[in-house]
Amino acid sequence: MGSVGAKEVPVLLSPEGLRIDGRKLDELRPLRIQAGALHQADGSAFVEWGANKVMAAVYGPREVHPRHLQQNDKAVIQCRYNMAAFSVDERKRPGIDRRSQEISKVIGEAFESVVFAEEFPRTSIDIYIEVLQANAGTRCAGLVAASVALADAGIPMVDLLPAVAVGKVGGAIALDLKKEEDNYGEADLPMALVPQSGRLVLLQMEGHMSEDELARALDLGVKGCRDIYETMKQALRERYAIEPAHGESA
Ligand code: CDP
């Protein structure tokens, strides 16, 4: 532990280049995805990613509530991200706050760019993301869970949306920040990728990076997303007991 003023700041990077949990800079936290975890929803997924635990449920296409949001030419995609009061160290005040509104909006917009909403006019596709345990990167874990839940619900999409937060910790670019790295690191950059086209449909940044660091961070994040994509596809294969296509990695 080093100290800044009265606050204890953990050492984020060892002299050997290992992180606070022993990971290498380009290493993801363990990721486990269960597709179809809920029976009531049309589609669902449970994601355990490091110490994050996130459930996503998808309903629809179904009648639009509230009615005035209905669109004649396409489905509306309504996303609600929520963090349980018990999901963080210090009890979070239950209910919608500005942070959850922002996250719901950016996740909803990311899905608007991949879901074939025009196939379901005058309907709603409702995505619920519940964070049960949080340890940084929950918007990315929410995106991953919701993506698998949408596929599980049979909603047609261009592609699944793998997502990960990259950042800068102890002066180095690192993949998939955990809480201490998010809190005490120099930058945090969540992103979501359309794997087929390489297009980013969510990109946010908190903190500072040089142009060169940003380029390296994006590169690392895209590679991370491609690994996460494989785990997402595997979860769907397990749910529907589909063998990997010949020559394709599991
Ligand atoms: O979770 P994500 O990294 O997408 O969003 P963030 O706003 O950067 O939050 C980072 C982390 O701070 C969360 O994952 C939680 O672990 C923690 N947090 C918290 O402890 N209490 C809150 N009210 C909000 C976030």
Practice item. Evaluate segment 118-129: report whether one residue or more is part of a helix (DSSP H, G or I), free of Cβ contacts under 8 Å to residues at least 12 places away in the same chain and either in contact with a Pro (Cβ under 9 Å, 6 or more places away or on another chain) or within 10 Å of the ligand (Cβ to nearest atom) (or both). Key: no
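Please go through segment 201-212 and give me each residue that is within 14 Å of the chain's Cα centre (by Cα) and crowded, with 17+ Cβ neighbours inside 10 Å, ordered by number.
Pass one, segment 201-212, residues within 14 Å of the chain's Cα centre (by Cα): 201-204.
If the condition is that a residue be within 14 Å of the chain's Cα centre (by Cα) and crowded, with 17+ Cβ neighbours inside 10 Å, then Val201, Leu202 are the ones that fit.
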Practice item. Working only within segment 51-98, note down all residues that are touching a residue at least 12 places away in the same chain (Cβ under 8 Å) and within 10 Å of the ligand (Cβ to nearest atom). Key: Ala51, Asn52, Val54, Tyr81, Met83, Ser87, Val88
Practice item. Please enumerate the residues belonging to segment 21-59 that are under 17 Å from Asp152 (Cβ atoms), part of a loop (DSSP other than H, G, I, E, B) and open to solvent by 40 Å² or more (accessible area, probe 1.4 Å). Key: Leu38, His39, Gln40, Asp42
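Identify the residue in segment 72-99 that is open to solvent by 60 Å² or more (accessible area, probe 1.4 Å) and closer than 15 Å to Val115 by Cα and, among all such residues, is nearest to the chain's Cα centre (by Cα). Steps first, answer last, please.
The initial filter retains those residues of segment 72-99 that are open to solvent by 60 Å² or more (accessible area, probe 1.4 Å), namely 72-74, 80, 86, 89-91, 93-94, 96, 98-99.
Adding the requirement that they be closer than 15 Å to Val115 by Cα leaves 73-74.
On the way: Asp73: 28, Lys74: 25 Å.
Applying the filter and picking the extreme gives Lys74.
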Check your understanding: What is the residue count in segment 100-113 for residues that are open to solvent by 90 Å² or more (accessible area, probe 1.4 Å) and either more than 17 Å from Pro190 (Cβ to Cβ) or near the ligand (Cβ under 10 Å from one of its atoms) (or both)?
Key -> 1
Study note, to complete from the structure: Checked pairs for segment 163-185, first among the aromatic types (Phe, Trp, Tyr) and outside any loop (DSSP other than H, G, I, E, B), second open to solvent by less than 20 Å² (accessible area, probe 1.4 Å) and at pLDDT 95 or above, C-beta under 9 Å and 6 or more apart or across chains, list as Tyr184/Leu12; Tyr184/Val169
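Table: residues versus (1) touching a His at 6+ places or on another chain (Cβ under 6 Å); (2) open to solvent by less than 20 Å² (accessible area, probe 1.4 Å); (3) among the charged types (D, E, K, R); (4) at pLDDT 95 or above.
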position: Gly167; (1), (2), (3), (4): no, yes, no, yes
position: Gly171; (1), (2), (3), (4): no, no, no, yes
position: Asp176; (1), (2), (3), (4): no, yes, yes, yes
position: Glu181; (1), (2), (3), (4): no, yes, yes, yes
position: Tyr184; (1), (2), (3), (4): no, no, no, yes
position: Leu214; (1), (2), (3), (4): no, no, no, yes
position: Gly221; (1), (2), (3), (4): no, yes, no, yes
Exercise for review: Test each condition in (1) touching a Leu at 6+ places or on another chain (Cβ under 8 Å); (2) assigned to a strand (DSSP E or B) for Ala110 and report the one that comes out false.
Suggested key: (2)
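Would you please name the residue that is farthest from Phe111 (Cα to Cα), looking only at residues in segment 140-162 that are part of a helix (DSSP H, G or I) and within 16 Å of the ligand (Cβ to nearest atom)? Even if it seems obvious, please write down each step before you answer.
We begin by selecting, within segment 140-162, every residue part of a helix (DSSP H, G or I); these are 140-152.
Adding the requirement that they be within 16 Å of the ligand (Cβ to nearest atom) leaves 140-147.
Values: Cys140: 13, Ala141: 14, Gly142: 12, Leu143: 9, Val144: 11, Ala145: 12, Ala146: 9, Ser147: 8 Å.
Checked segment 140-162; the qualifying residue farthest from Phe111 (Cα to Cα) is Ala141.
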Review point. Cβ-Cβ below 6 Å, separation at least six or inter-chain, first residue in segment 22-33 and closer than 14 Å to Lys168 by Cα, second open to solvent by 40 Å² or more (accessible area, probe 1.4 Å): which pairs?
Key: none
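The values are calculated or read from the model by the stated rules, or taken from the named source; none is laboratory data. Please read these numbers as outputs of a predicted model, since none were measured by experiment. Every residue, glycine among them, receives a Cβ derived from its backbone with ideal geometry; neighbour counts consider all protein chains shown. SASA here: full protein model, heavy atoms, side chains in, ligands and nucleic acids out. Shrake-Rupley method; radii C 1.70, N 1.55, O 1.52, S 1.80 Å.
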